[in-house]
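Notes follow the structure.
The values are calculated or read from the model by the stated rules, or taken from the named source; none is laboratory data. Note that the structure is a prediction, hence the values are computed from the model and not measured. Cβ: placed from backbone, ideal geometry, glycine included. Neighbour counts: every protein chain shown.
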Amino acid sequence: MSIFKHIALEISGIVAVFPKNHEKTKLAQTLFHYITLAVETFTNYFLKLSEDNPKNPVLHYSHYIYPSPTFQELFDDIFSPQVMQIILEHYLPIQQCSFLFQPSSLDIFSLSSQLQIFLSKTTEPIISTLYYYSYFSFICSKPPSLELTPLHTYCTQNSLLTFSYIFEYQRFEDCKSEYFAQENV
């Protein structure tokens, strides 16, 4: 709970001062750091749900979806809609990412080489972090529109779907760690 409170305070503070601040790139980098921390914290909490350990705090799947009886006030700050706008405009290297935002022929080899900069050990895993942050934003917030309400309902009522997202994220992180460990041998 204290980690979520810390993340919520930091993110809401950055979002509040962002429009008036001249160091937008630096603030966006800090914001991305807290997004990463939010994704990791969310994942770790969710994984505790699957552990069979009586020492774990009483956790329930409903604590982590909209409307959360435990965290909703914090989620409203952590998953604020302005966060993705700031990241897309001021953090992602748009020239290098433009291929992600326009339709093109699917050349897997070309696409993988373009994505490689986001998966290297010297850069943060930008794409996977934003992918999972977006999913968590969706399930932890009010449905963004009437058209998306059925999908939102399905996602928030289907715990297996969210668990699969969490485990896929964890698997991606594990694979990435193993890949870079082998590369250093």
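A few remarks follow.
- Of all residues making up the stretch 127-174, the number that are β-branched (Val, Ile, Thr) and closer than 20 Å to Ala8 by Cα: 2
- Residue satisfying all of: in the stretch 54-75; modelled with pLDDT of 75 or more and among the β-branched types (Val, Ile, Thr); farthest from Thr162 (Cα to Cα) among these: Thr70
- Residue selected from the stretch 14-32 under the condition over 22 Å from Ser134 (Cβ atoms) and in contact with a helix residue (DSSP H, G or I) (Cβ under 8 Å, 6 or more places away or on another chain), by the criterion modelled with the lowest pLDDT: Asn21
- All of Glu40, Glu10, Glu51 fail the test of being modelled with pLDDT of 70 or more, surrounded by fewer than 15 Cβ atoms within 10 Å (Cβ to Cβ) and of a type in the set (Asp, Glu), apart from Glu51.
- Members of the stretch 124-173 that are of a type in the set (Gly, Ala, Ser) and outside any helix (DSSP H, G or I): Ser141, Ser145
- Filter result for Leu146 (within 17 Å of the chain's Cα centre (by Cα), exposed (fewer than 15 other Cβ atoms within 10 Å of the Cβ) and either more than 23 Å from Lys26 (Cα to Cα) or at pLDDT 65 or above (or both)): no
- Taking the stretch 161-185 as the range and being at pLDDT 75 or above and hydrophobic (A, V, I, L, M, F, W, C) as the test, the residues that pass are Leu161, Phe163, Ile166, Phe167.
- Checking each residue in the stretch 145-174 for being among the acidic types (Asp, Glu) and farther than 23 Å from Thr36 by Cβ picks out only Glu147.
- Search result, residues across the stretch 27-45 that are of a type in the set (Ser, Thr, Tyr) and closer than 22 Å to Tyr61 by Cβ: Thr41, Thr43, Tyr45
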